[in-house]
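The values are calculated or read from the model by the stated rules, or taken from the named source; none is laboratory data. Keep in mind that what you see is a predicted model, and the values were worked out from it rather than measured. Positions of Cβ are backbone-derived with ideal geometry, glycine not excepted, and every protein chain shown enters the neighbour counts. All accessible areas refer to the heavy atoms of the entire protein, side chains included, with ligands and DNA or RNA removed. Shrake-Rupley method; radii C 1.70, N 1.55, O 1.52, S 1.80 Å.
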Amino acid sequence: MLKVNQVFTQYRSEFMGKSSDVQFFWGSFDLAISRFSGRKAPLHPGGIPNLPDWVTQEAYSHEVMNCGFWPGNEATPFAAFYSYIYPAPDGFKDAAIKPSSAYFHDDLGEFILKYEDVQKSENPSEVLLEFLRSSYDNAAKLADWDTEKFKFKLEKN
């Protein structure tokens, strides 16, 4: 978890817009980070088990890109990293996300990269950063976020 926190913190530092701290997410036992476009989102339909609709609607009141790690559950019995955007733009689930082992999970509506694939790689931190960056780049482009405004740029004095 400490290594994942380091990678998520690096990913967060590359974004100049509003973002959350790396945090345990209230929805489940996730370590997560969120980036926001600054625009209001359409009312979330709710319907998430064990979560009141008003909570979901408040949580997704603005366009958001979420990435995280969770240890798995009955529906997804493996540890994995995930990435999703709300609202999901057309073409999101068909985006080419890196690394090649990442895939779109139709039931969850998000991209998944199994922890095992990261763990077995030669450079786990770089593989995870590649997943985070490529999923954000694809989602932000498809959702027409002002990505130039959010890029971190070092100013030369």
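Do we have any residue at all in the stretch 97-106 that's aromatic (Phe, Trp, Tyr), open to solvent by 30 Å² or more (accessible area, probe 1.4 Å), at pLDDT 95 or above and touching a Lys or Arg at 6+ places or on another chain (Cβ under 7 Å)? Spell out how you get there, then give the answer.
Of all residues in the stretch 97-106, those aromatic (Phe, Trp, Tyr) come to 103-104.
Those left that are additionally open to solvent by 30 Å² or more (accessible area, probe 1.4 Å): 103-104.
From what is left, the residues that are at pLDDT 95 or above are 103-104.
Still in the list and also touching a Lys or Arg at 6+ places or on another chain (Cβ under 7 Å): 104.
Scanning the stretch 97-106 turns up at least one residue that is aromatic (Phe, Trp, Tyr), open to solvent by 30 Å² or more (accessible area, probe 1.4 Å), at pLDDT 95 or above and touching a Lys or Arg at 6+ places or on another chain (Cβ under 7 Å).
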Discussion item. Taking the criterion of being open to solvent by less than 80 Å² (accessible area, probe 1.4 Å), of a type in the set (Phe, Trp, Tyr) and out of contact with any Leu (no Cβ under 7 Å at 6 or more places or on another chain), would at least one residue in the stretch 84-96 satisfy it?
Written reply: yes
Worksheet item: Inside the stretch 1-43, can you point out the residues that are surrounded by fewer than 17 Cβ atoms within 10 Å (Cβ to Cβ) and among the aromatic types (Phe, Trp, Tyr)?
Response: Phe24, Trp26, Phe29
Worksheet item: In this structure, does Asp117 turn out to be out of contact with any Gly (no Cβ under 6 Å at 6 or more places or on another chain) and loosely packed, with under 15 Cβ neighbours inside 10 Å?
Response: no
Practice prompt. Read through the list (1) open to solvent by less than 70 Å² (accessible area, probe 1.4 Å); (2) closer than 18 Å to Lys3 by Cβ; (3) of a type in the set (D, E, K, R), then give the number of the only condition that Arg133 fails.
Written response: (1)
Worksheet item: Out of the residues in the stretch 98-157 that are within 15 Å of the chain's Cα centre (by Cα) and among the acidic types (Asp, Glu), which is farthest from Phe69 (Cα to Cα)?
Response: Asp137
Item to complete: For the stretch 44-61, state whether one or more residues are surrounded by 18 or more Cβ atoms within 10 Å (Cβ to Cβ), at pLDDT below 90 and either touching a Cys at 6+ places or on another chain (Cβ under 6 Å) or among the polar types (S, T, N, Q) (or both).
Response: yes
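Does Phe81 satisfy being open to solvent by 20 Å² or more (accessible area, probe 1.4 Å) and among the aromatic types (Phe, Trp, Tyr)? Even if it seems obvious, please write down each step before you answer.
Values: open to solvent by 20 Å² or more (accessible area, probe 1.4 Å): no; among the aromatic types (Phe, Trp, Tyr): yes.
It is false that Phe81 is open to solvent by 20 Å² or more (accessible area, probe 1.4 Å) and among the aromatic types (Phe, Trp, Tyr).
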